[in-house]
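Some notes on the structure that comes next.
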Amino acid sequence: MPIQKTARIWHNGKFIAWDDAKLHVMSHVVNYGSSVFEGVRCYGLPSGPAIFRAAEHMQRLLDSSKIYRIDVAFTREELVQGMVDLVAGNGVWPCYIRPIVLRGYGEAGVNPFNSPTEVYICNYPWGKYLAKGDEGVDVCVSSWTRIAPNTLPAMAKSGANYMNSQLIKMEAIVNGYVEGIALDAGGYVSEGSGENLFVVRQGTLYTAPLANSVLPGITRDSVLRLAGDLKIPVVEQMIPREMLYIADEVFFTGTAAEVTPIRSVDKILVDKGTIGPITKALQKEFYGIVEGRQPDRHNWFTAVPVGAKQAVGV
Ligand code: PMP
């Protein structure tokens, strides 16, 4: 789906027109992948627009920046406020929000220290899911290994990591699958190209620990908390590949994927290929909250005051 543009983009604390958010081709990021970013959802609750786990996303953005020794001139709270002002000012929701920190135009060499840091926040309408409704998705185990420890840090959400994700995703698509699951360098289950993974077996929910080259997903964390609320036993442990084939239930989580059930892995049906009870129970809780049918008992939302719309100018 082509990007649907909005009026403005937040750039280093000021608003600029969408079409003015341009970079020089010799910017450090273009040549060396030096960016970290976030993907955030703003939902349209009955009470108005509300950003899901805004502070956690901006904390992860600052954590990713810190790992890459990028100094960001804004606090977590200022960045959250930037998202709120942007959504209110553009008047577009529900939407996807894309904050990006990048190394801009400075020097041409690999050393990034002399290229300026630029911070952008964009938003645009987006309501897409990997799959919606009662059917799960058909996935494969990728022939590509997830980024190995001590190569590119998996805990940082950096643009460069997504070269690995693109290989996983393209291979899956050309072979007729919706998504690929990557194994880590040790051969254990890691994650999808843009999703964390959960497995259910005999009533227990399993997910890979962060040391298996997974991104510390905000949705992963939300689902772990919801499982706690529902008293579902949870184990974070290494998952062997074959567990995927004998699991009772498997599902992806992510800002884009939300909670997406998996129907088959490598053409082997997950149980009978229908959505299992634990996935259903977690979906009910998750969508109940993000669609505003249930109270926000974990305080996951930052409300966007729609009255602020007039306050934002170029
Ligand atoms: N893993 C990867 C590689 C991702 O790109 C994403 C999407 N950000 C996730 C996991 C899920 O993270 P989150 O729930 O924070 O969107």
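What follows draws every value from the coordinates through simple rules; no lab data is involved. Predicted model, so just to flag it, every value in this text is computed and none were measured. As a convention, Cβ positions derive from the backbone with ideal geometry for all residues, glycine included, and neighbour counts pool all protein chains shown.
Quick look at the numbers
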item: The chain: relative contact order in percent, alpha carbon pairs under 8 Å with at least 6 residues between; result: 21
item: Computed helical MRE - 222 nm, the chain, DSSP H runs ≥ 4 contributing -39500 (n - 2.57), nearest 500; result: -7500 deg cm²/dmol
item: 5 angstrom amide H check on residue 35, placed H, neighbours 5+ away; result: 159, 160
item: Within the chain, percent of DSSP bridges classed antiparallel, to nearest 5; result: 85
item: Spatial separation of Cα centroids for region 214-258 and region 176-205, in angstrom; result: 9
item: Degrees separating the helix 54-67 axis from the principal Cα axis of the chain, which is the longest one; result: 80
item: Pairs from 169/231; 5/157; 22/169 whose Cα-Cα separation, in the structure shown, is over 29 Å; result: 169/231
item: Within region 40-121, trypsin sites (Lys or Arg not before Pro) in DSSP loop having at most 15 other beta-carbon neighbours inside 10 Å; result: 69
item: Residues of type aspartates and glutamates that residue 272 reaches as a straight line, Cα spacing below 20 Å, ignoring anything fewer than 8 places off in the same chain; result: 134, 135, 138, 179, 242, 248, 249
item: Helix 76-90 vs. the chain, principal-axis angle (Cα, 0 to 90°, nearest 10); result: 80
item: Eligible aspartates and glutamates near residue 14 by straight Cα distance, threshold 14 Å, same-chain separation 8 or greater; result: 78, 85, 118
item: Cleavage-rule hits, chymotrypsin sites (Phe, Trp or Tyr not before Pro), region 43-124, DSSP coil, Cβ neighbours within 10 Å at most 13; result: 113
item: Backbone HN-Hα couplings from phi across region 251-259 [Karplus 6.51/-1.76/1.60, Hz, Gly and Pro as x]; result: 8, 9, 10, x, 4, 6, 6, 6, 10
item: Cα long-axis angle, helix 277-290 against the chain (0 to 90 degrees, to the nearest 10); result: 20
item: Where trypsin sites (Lys or Arg not before Pro) fall in DSSP loop in region 167-246, at most 13 other Cβ within 10 Å; result: 231
item: Vicinal HN-Hα couplings computed from phi for region 112-122 (Karplus, 6.51 cos²θ - 1.76 cosθ + 1.60; Hz; Gly/Pro x); result: x, 5, 9, 9, x, 7, 10, 10, 10, 9, 10
